[in-house]
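Here's the structure we're looking at; comments come further down.
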Amino acid sequence: MEFSFDLNPIFPERISLLDHHLRLSRKVTYGSYRSDLDEQLVTVINRMGEASAKAQLLSASITTASRMRTNKHKLYVLRDSRANHGRGVVIGFLKVGYKKLFVLDPHGRQNEMDTLCVLDFYVHEALQRHGHGRELFDHMLQYEGVEPRHLAIDRPSNKFLCFLRKHYGLDSAIPQVNNFVVFEGFFRQRPVRG
Ligand code: ACO
């Protein structure tokens with residue numbers, strides 16, 4: 001995804017992590033504060049959200065800068081710094097966040113749980129099936145210190161289900177009554193949240 005401005009000051013690393021204040025997880029000093037970078041960041045998030053919604057045939061974006069600010073979600077953004085004549089391109093993003101969910105176990109018992117959820121995931125059409133999704137997902141797993149089977153996935157698309165099966169061997173879902181999908185092993189050896 002290309003933009004008319006330089007993405008490299010906004011996303012200083014190959015994978016940057018933004019919190020719900022739209023701040024980078026690692027403090028980067030630009031010299032002096034630049035409000036244009038804030039505006040550009042909002043543009044990028046909104047464009048990424050639109051592209052993801054379009055790819056999933058959704059009527060509205062589930063990732064926007066304003067929704068980021070009102071929910072405590074985190075956004076991992078993967079970029080290529082050299083493309084687009086050195087201005088960089090956004091390859092894709094992954095949004096996660098903790099949610100209180102009622103999750104059915106394999107015996108049909110309901111459990112109220114605070115669980116890390118995958119909420120939105122998108123790799124640019126021209127760059128899919130090149131391992132970028134895996135790179136983003138692995139980075140998130142490592143940073144969050146979580147195993148794939150302990151995640152809840154919000155309405156996964158068919159592509160995402162194939163992705164989870166291929167890379168992480170997740171193929172046996174435990175039936176739920178909400179839109180989230182959890183897999184076998186979800187309830188086993190869950191880490192205690194500090
Ligand atoms: N059809 C079927 N499976 C696919 C497809 C496709 N068109 N594209 C990717 N996959 C799966 C396959 O398992 C594939 O392996 P294969 O090529 O050997 O069959 C594997 O993903 C490839 O892995 P990566 O290259 O690491 O993944 P990629 O960079 O393509 O990213 C993603 C995966 C994010 C799902 C991407 O395909 C995408 O953006 N799809 C459109 C948007 C989308 O569906 N997002 C998920 C919405 S649901 C949610 O966010 C909770």
Checking residue 158 against (1) of a type outside the set (Lys, Arg); (2) within 25 Å of residue 47 (Cβ to Cβ); (3) touching a residue at least 12 places away in the same chain (Cβ under 8 Å), the condition it does not meet
(3)
Of the residues in the range 44-73, those that are open to solvent by less than 10 Å² (accessible area, probe 1.4 Å) and part of a helix (DSSP H, G or I) number 8
From the list 185, 145, exactly one residue is in contact with a Pro (Cβ under 8 Å, 6 or more places away or on another chain) and away from the ligand (no atom under 12 Å from the Cβ). Which is it?
145
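Condition first: in contact (Cβ under 8 Å) with a residue 60 or more places away in the chain, more than 13 Å from the ligand (Cβ to nearest atom), open to solvent by 30 Å² or more (accessible area, probe 1.4 Å) and not in a strand (DSSP E or B). Can you find one or more residues in the range 117-134 that meet it?
Step one: of the range 117-134, the residues in contact (Cβ under 8 Å) with a residue 60 or more places away in the chain are 117, 120-122, 124-125.
Right, trim to more than 13 Å from the ligand (Cβ to nearest atom) and you get none.
No, because not a single residue in the range 117-134 is in contact (Cβ under 8 Å) with a residue 60 or more places away in the chain, more than 13 Å from the ligand (Cβ to nearest atom), open to solvent by 30 Å² or more (accessible area, probe 1.4 Å) and not in a strand (DSSP E or B).
In the range 164-187, which residue that is under 15 Å from residue 116 (Cα atoms) and free of Cβ contacts under 8 Å to residues at least 60 places away in the same chain is surrounded by the fewest Cβ atoms within 10 Å (Cβ to Cβ)? Don't jump to the end; show me each part of the working.
Pass one, the range 164-187, residues under 15 Å from residue 116 (Cα atoms): 179-183, 185-187.
In the following step, the residues that additionally are free of Cβ contacts under 8 Å to residues at least 60 places away in the same chain were identified as 179, 181, 183, 185.
Details: 179: 10, 181: 21, 183: 20, 185: 16.
So the residue we want is 179.
The values are calculated or read from the model by the stated rules, or taken from the named source; none is laboratory data. What you see is a predicted model, and the numbers here were worked out from it, not measured in a lab. Neighbour counts run over all protein chains shown; Cβ positions are idealised from the backbone, glycine included. With ligands, DNA and RNA removed, areas are computed over all heavy atoms of the protein, side chains included. Shrake-Rupley method; radii C 1.70, N 1.55, O 1.52, S 1.80 Å.
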